[in-house]
Amino acid sequence: MAQRAAAQRLHQRPAVIVCFDLGGVLLRICRSWPEACRAAGLEARKEPPHRAAEDKRRLLSDRHGTGEISLDEWATGVSGALQAAYSPDELKRIHHAWLKEEHPGALDLIEDLHRSEIATACLSNTNETHWARLVHRDGSRPLEGPPEYPAIVRLRQHFASHLMRLAKPDRAIYERFEQLTGCEGKSVLFFDDTSDNVAAARARGWKAEWIDVAADPVAQMREYLRARGVLP
């Protein structure tokens, strides 16, 4: 019986799964603090006053991204690290403004993969409030209105750092992805705009490709998928 179940799992395992990072890869995001401030309708008042403040801000963002602290805790902590240059409410506005629109052609790319019967997923370092917008759900409850990011919603599987309590480039998050999808590393085609994340994925045997956000991300991914024979 156990052998039969194992054989069934092996048969169900996709030959190829295309996995996407989100920010920078399927959608545009702010690339700097001043850009995010402008997007939120605020002036960039000042960067962290010293290295210790910057380190604290990064630590708080990392903890937020692995689900250890809430948005309120993040905003209060960052406000303190920046010596109240921004109020917690202003920091929440900046946080919201960090996500921009999907890249042109992202939805067509996902639909083309599905028409070719290719499994799709995302693996994203993100947080609870961004995630709700990205997947158009608040937990198990769909959000009202049309999705803000239809290409992301259309992905077959969704994996996020704050839910997994792990973040890229920790090798454990790639191992967990393989466990949850039933995919061997060599069957995963992965796109990310951070070189450390790509290097960690390659170390797991994934076929990982770095995406240059200064160029056309969707065109780069299409070229890569054609070269791999995944798309015509």
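The values are calculated or read from the model by the stated rules, or taken from the named source; none is laboratory data. Remember, it's a predicted structure, so these values are computed and weren't measured experimentally. Glycine gets a Cβ as well: all are built from the backbone with ideal geometry, and neighbour counts include every protein chain shown. Surface accessibility is based on the protein's heavy atoms, side chains included, excluding ligands, DNA and RNA. Shrake-Rupley method; radii C 1.70, N 1.55, O 1.52, S 1.80 Å.
Key figures for this structure:
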item	result
Every residue from segment 87-100 that is surrounded by 17 or more Cβ atoms within 10 Å (Cβ to Cβ) and free of Cβ contacts under 8 Å to residues at least 24 places away in the same chain	PRO88, LEU91, LYS92
Members of segment 87-114 that are at negative phi and part of a loop (DSSP other than H, G, I, E, B)	SER87, TRP98, HIS103, PRO104
Among (1) at negative phi; (2) surrounded by fewer than 15 Cβ atoms within 10 Å (Cβ to Cβ); (3) of a type in the set (Gly, Ala, Ser) - the single one ALA84 does not satisfy	(1)
Where a residue in segment 159-176 is closer than 12 Å to GLY65 by Cα and its partner, wherever it lies, is open to solvent by 40 Å² or more (accessible area, probe 1.4 Å), with Cβ under 6 Å and at least six apart	SER161/ASN125; HIS162/GLU128; MET164/ARG176; ALA167/ASN125; LYS168/ASN125
Close pairs (8 angstrom Cβ cut-off, 6 or more residues apart or separate chains): within 11 Å of TRP74 (Cβ to Cβ) in segment 122-136, modelled with pLDDT of 95 or more and part of a loop (DSSP other than H, G, I, E, B) anywhere	ASN127/GLY67; GLU128/GLY67; GLU128/SER70
Meets criteria (assigned to a helix (DSSP H, G or I) and modelled with pLDDT of 90 or more) for ARG4	no
Residues of segment 125-176 that turn out to be open to solvent by less than 60 Å² (accessible area, probe 1.4 Å), of a type outside the set (A, V, I, L, M, F, W, C), assigned to a helix (DSSP H, G or I) and within 25 Å of LEU59 (Cα to Cα), as a count	7
